[in-house]
Amino acid sequence: MADLLHQPLLDIEEQPRTSKKTPRVASLDVFRGLCVFLMMLVDYGGAMVPIIAHSPWNGLHLADFVMPFFLFIAGVSLALVYKRVPNRIEATRKAVLRAVELFLLGVILQGGYFHGINSLTYGVDMKRIRWLGILQRISVGYIFAALCEIWLSCRSRGDVSFLKSYYWHWGAAFSLSAIYLGLLYGLYVPDWQFEMSNATSSVFPANHSYVYMVKCSVRGDLGPACNSAGMIDRYVLGIDHLYKKPVYRNLKECNMSTNGQVPESAPSWCHAPFDPEGVLSSITAAVTCIIGLQYGHSLAHLQDHKQRMQNWILFSLSLLLVGLLLAVAGDPVNKSLYTFGYMMITCASAGITYSAIYLLVDVYGYRCLTFALEWMGKHSLSIFVLITSNLVVIAIQGFYWTAPENNLIHWIVTRFVHR
């Protein structure tokens, strides 16, 4: 686990040892650094500038691009890691081990062990630990893409084609997409209920709980109350292990106050937990990683910059067109459900962004303009750990003037967040 922290996020598999060290692809580090920068920007700036925070349900804000960008670059990196696989069994063992390490690290960071900037305590009730999160989702996408590259690649010598050379990859991607769509639209969601108490919500007084009933009895609903993704998570993970502050509480229907409380008069589903990194949406998240893998094939097996750029731009525009057509046809662009249209549009955006960075950094050599992002990309996992656990914020908060309340973090929160 300690070795994992010293490696770039999403590039966590060791390169094969050779006598000559393979030079790093600078654009990969810059793109990772951009992902980390955007993550910090939306996490700390989203409260002050809501338009960059996550969309409450349908729609795309800046924050909604961060997760698919992380997954995309994970896939790109894997094409370089597994450019040659002399021993598939050993490569699989290492890939599974890395995925498990990343998953467990995610549970520690986002499972409820750290209590945030308003409390210096730590520890988590295992009855309410959150099992899924950002790193867990990346680990799922990582292992799916890694196994595809290790076992399903059949590229002939000198032939690099998105469709022809890796048709088994596309078969896996289409199969996963079909499973996702079948479960999302095909499962029947009955009426359901859940209990909230003072242990899970500060709305209720001590030793008081309330049972909420949510009326559904529908199939194929994509709203926050009755979608099949939430139902699967409640059955598989348990409602106590889901994210307690879903972003859909920012919808007008929930009428959430400035201090983050939902009134009892709000619709019952506004009080319910919901995990944006849930089981069903992890399927399309894995497909994002597989799509990134296809971009990585051009980087790993083509030497001509022009040919690489042509492949990437053509593929990105195709994905964007499909995504826009799906949105027009009625498929919502939804990050919480990781809908098919959302996946297509964000993958296309990631491909276009990476192409621009590659052109700037690796083709024209303007690394001086992006050296800060490149450094962040090389240390992305360490930065992620410090930011997600709030260790940096807590350290700054520890320096105060006269009274503990007179610290920089408290001043920023009271002045900009809770005003």
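What number of residues within the stretch 263-282 are under 14 Å from the mean Cα position of the chain (by Cα) and hydroxyl-bearing (Ser, Thr, Tyr)? Number of matching residues: 2.
Restricting attention to the stretch 313-334, the residues being open to solvent by 20 Å² or more (accessible area, probe 1.4 Å) and within 20 Å of the chain's Cα centre (by Cα) number 3. Does Pro205 qualify as being under 22 Å from Val262 (Cβ atoms) and either at pLDDT 95 or above or open to solvent by less than 40 Å² (accessible area, probe 1.4 Å) (or both)? When the stated conditions are applied, Pro205 does not pass them. Residues in the stretch 263-307 that are under 26 Å from Val236 (Cα atoms) and of a type in the set (A, V, I, L, M, F, W, C): Trp269, Cys270, Ala272, Phe274, Val279, Leu280, Ile283, Ala285, Ala286, Val287, Cys289, Ile290.
For Val417, all conditions in the list (1) over 24 Å from Leu102 (Cα atoms); (2) at pLDDT 95 or above; (3) not aromatic (Phe, Trp, Tyr) hold save one; what is the number of the exception? Failing condition for Val417: (2).
The values are calculated or read from the model by the stated rules, or taken from the named source; none is laboratory data. Every value quoted in this text rests on a predicted model; they were computed, and no experiment measured them. Don't worry about glycine lacking a Cβ; one is built from the backbone with ideal geometry, like all the others, and counts go over all protein chains shown. Heads up: the accessible areas ignore ligands, DNA and RNA and are worked out on the full protein's heavy atoms, side chains in. Shrake-Rupley method; radii C 1.70, N 1.55, O 1.52, S 1.80 Å.
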